[in-house]
Amino acid sequence: MKFKNSALMLSVALATFACSKDDSVVEQETLQTEKETFQGAERAYFDQSGPIQKGSYLGLPISYENVNGEYIFEGDIIIPQDMMHSKDTKLVLENGDDPELVKSVGRTGGRWPNNTVYYQIASNLPNQSRVTNAIASWESNTNLRFVARTNQSNYIYFQPGGGCSSSVGMVGGRQNINLASGCSTGNTIHEIGHAVGLWHEQSRVDRDQYVTINFNNIQAGKEHNFQTYVQRGRDGDEYTSTLDFGSIMMYGPNSFSKNGQPTITKKDGSSYSVQRTALSSDDLQGIAQMYPNGGDEPTYVNGQYYTVNGLRVYRYNDKWYYYTSSNGWREVVYRNGAWYYA
Ligand SMILES: [Zn+2]
């Protein structure tokens, strides 16, 4: 997909800015031949990085980047600090366990109730039409409604930042979407996508059927950004049958490249274009299932797997079952935001 010149120039300028402290990566930008396609991925900080650390999130281990005390993964996703634990928590609780042990966000958790997202824009955020235009795009294409906050406790706060970043799903309380001056309306649509529960498209559980991740071309220490969300232990459902290269949540083919060579290629070795102008038709198909008209709960079909609140569960006879190698299949029930053994 072609980009308007202004958007193209912006992405090239951003890439250069982002990499200005690393000569080898600046060189990479000059080597790129497909100047008319979006090559990158949103970054929480264009000019900062930090050590890779390990912790536990949603009950499973995770590698994340600690940038001045902020926990970042996949480049632009913020993990709330109070959801990061030093050791694993239980995914399924026994009766009597503390439900506070399990707290989740994701495509199947952390949704905004009643299809309503409350938000506030920091008065010092430049170019606020990026936000209002991105919201208008969401509202005209989905069942979600964005309402300027008065006193609601759960809301998105759009504020200036060192890059473009967001948490995934409704976290609870104020959650920031950070927008550097270089973040476009399209980048803002992408970050809102995270905030309403979308992961990156290339982290689909089945992405290896569609793409090859070229780990030899990925910058040292950034490999963890290319795991599927299931490999990382995150929750998530696939609402469309195939990976959508046109998704606004898809990484560019050269994201986190150390040498100008693609980090993501199609399975046949060819490249692809990504876009940051609008939600794709497949994006809209998935979002319509996450946030159906009227805000109804999703209908679960017997005989199918789902990931709900971080747990991969099987629907059978209108009940849920969870498999572990030690216990085999056990019935589980979901109540008050946590899974319990029945
Ligand atoms: Zn992102």
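Quick rundown of the values:
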{"quantity": "Cβ-based net charge around residue 190, under 13 Å, with every Lys or Arg adding one and every Asp or Glu removing one", "calculated": "-3"}
{"quantity": "Environment charge at residue 222 (Cβ cut-off 10 Å; Lys +1, Arg +1, Asp -1, Glu -1)", "calculated": "-2"}
{"quantity": "Amide hydrogen neighbours beyond the local backbone of residue 276, cut-off 5 Å, H modeled", "calculated": "none"}
{"quantity": "Mean Cα-pair separation over length for the stretch 299-341, i.e. relative contact order, pairs under 8 Å, 6 or more apart, %", "calculated": "24"}
{"quantity": "Sum of side-chain charges, residue 316 neighbourhood, beta-carbon under 14 Å (Lys, Arg +1; Asp, Glu -1)", "calculated": "+2"}
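Any read-out appearing in this document is the output of simple, stated calculations on the displayed coordinates, not a laboratory observation. Model, not experiment: these values are computed from the prediction. Positions of Cβ are backbone-derived with ideal geometry, glycine not excepted, and every protein chain shown enters the neighbour counts.
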